[in-house]
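Each remark here refers to the structure printed beneath this line.
Where a number appears in this text, it was derived from the coordinates with a stated rule and is not lab data. Worth saying up front: this structure is predicted, and the values here are computed from it rather than measured. With ideal geometry, Cβ positions are generated from the backbone for all residues, glycine too; neighbour counts draw on all protein chains shown.
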Amino acid sequence: MTTTTAPPPTIAAEPLGAPRASLGDTTVDELDPAVPPAPVPFSERLRTRTRSGHGTSSRAGFMSDLMRGTCTRDDLVRLLAQYWHVYRALEQAAVGAAAHPVAGAFVTDRLTRLPSLEADLAHLAGPGWRDRLDAVPATVEYVDRLRGPASSSPTAFVAHHYTRYLGDLSGGQHIGRALRQRYGLLDEATTFFTFDGVPDPTTFKDEYRARLDSLPWGEADEEAMVTEVLHAYDLNARLLAELDAERGLGAAPGPATEGPSTAVATGASS
Ligand code: HEM
């Protein structure tokens, strides 16, 4: 007497359109060594690995108040004054980086912010705006970083370029809108947040990320860039915390308790 046993179920026996056999969230394709996982582009790894730094910067009390509409005109002047130092140093570093075969690909006049900052400061603080340029300690440190490592190392330069300009073309666009809507500021007073040379920020950012993805850099360069972007986020967060301390809010961070510093020369603007 013969007994018939049913064959074991196979994936091929599944009807078309049925859910794929899986182990939890892992599909059979992912287990197949013949199907290598798609590599994660560098720009995506960079964003993921620095996300915590972005969170700290963007959740700063100063930024929340600015977006909510509870800052004063003076607060905005103080923020733009810090940015004046930062962008003066960053855009000076860009002049040096322009001739570099790799870093130079990121440099473009379409991003230049220093003239916009000067126009906005003149609009908001009047002709004496240069008297309002005291730098808080984190700004002094930021400028040192831009004049030092970011002016001699391509990875540090690209890290700082990315952190500021991609931020300006992302969250910066929301901030500019909030300034116009909640504070009734005119376009002429918020030109820092609008890029005449970049009418389509989304396309520009996509192209920028593609450029990051095609960098001929190895693992050590990637590590250096991630570290420097996290450093840039930290400098931005401390700069904002020190502005909060200046207006009597938040915990006074470290040396800021000694009062604002003017260690960054404010004389020549370029
Ligand atoms: C209120 C404050 C902020 C808001 C609401 C905000 C919001 C955003 C949003 C929505 C994005 C994603 C945009 C996209 O995927 O295209 C973004 C990206 C970014 N932000 Fe912010 N942000 C803020 C503050 C900052 C600060 C202080 C910095 C540092 C200077 C910064 C740097 C960046 C960078 C570098 C990116 C690009 C990340 C990437 O796609 O690789 N942001 N931000």
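Which FRET efficiency, nearest 0.05, do Arg182 and Arg147 yield, Cβ-Cβ r, R0 22 Å? Calculated transfer efficiency: 0.05. Working from label points 7 Å from Cα in the Cα-to-Cβ sense, the Arg49 to Val95 distance is 3.3 nm.
Working out 0.36 nm times the residue gap between Asp196 and Gln173, then minus their Cα-Cα distance, what length gain in nm do you get to one decimal?
On the way: separation 23, 0.36 × 23 = 8.28 nm, distance 1.25 nm.
That pair, Asp196 and Gln173, stretches by 7.0 nm at full extension.
If you take all other residues with their beta carbon under 14 Å from the beta carbon of Leu46, and give Lys and Arg +1 and Asp and Glu -1, the sum is 0. Each peptide among 138-144, 167-173, 40-46 gets the average number of other Cβ atoms lying within 10 Å of its residues, and from highest to lowest they stand as 138-144, 167-173, 40-46.
Per-residue extension of 0.36 nm, minus the Cα-Cα distance of Ala34 and Asp74, leaves a gain of 8.3 nm for this segment.
Each listed q (0.09, 0.15 Å⁻¹) maps to a log10 I(q)/I(0) for segment 45-258, found by the Debye formula over equal Cα scatterers with no solvent: -0.34, -0.99. Summary value for segment 45-258: 34 percent relative contact order, contacts being C-alpha pairs under 8 angstrom separated by 6+ residues.
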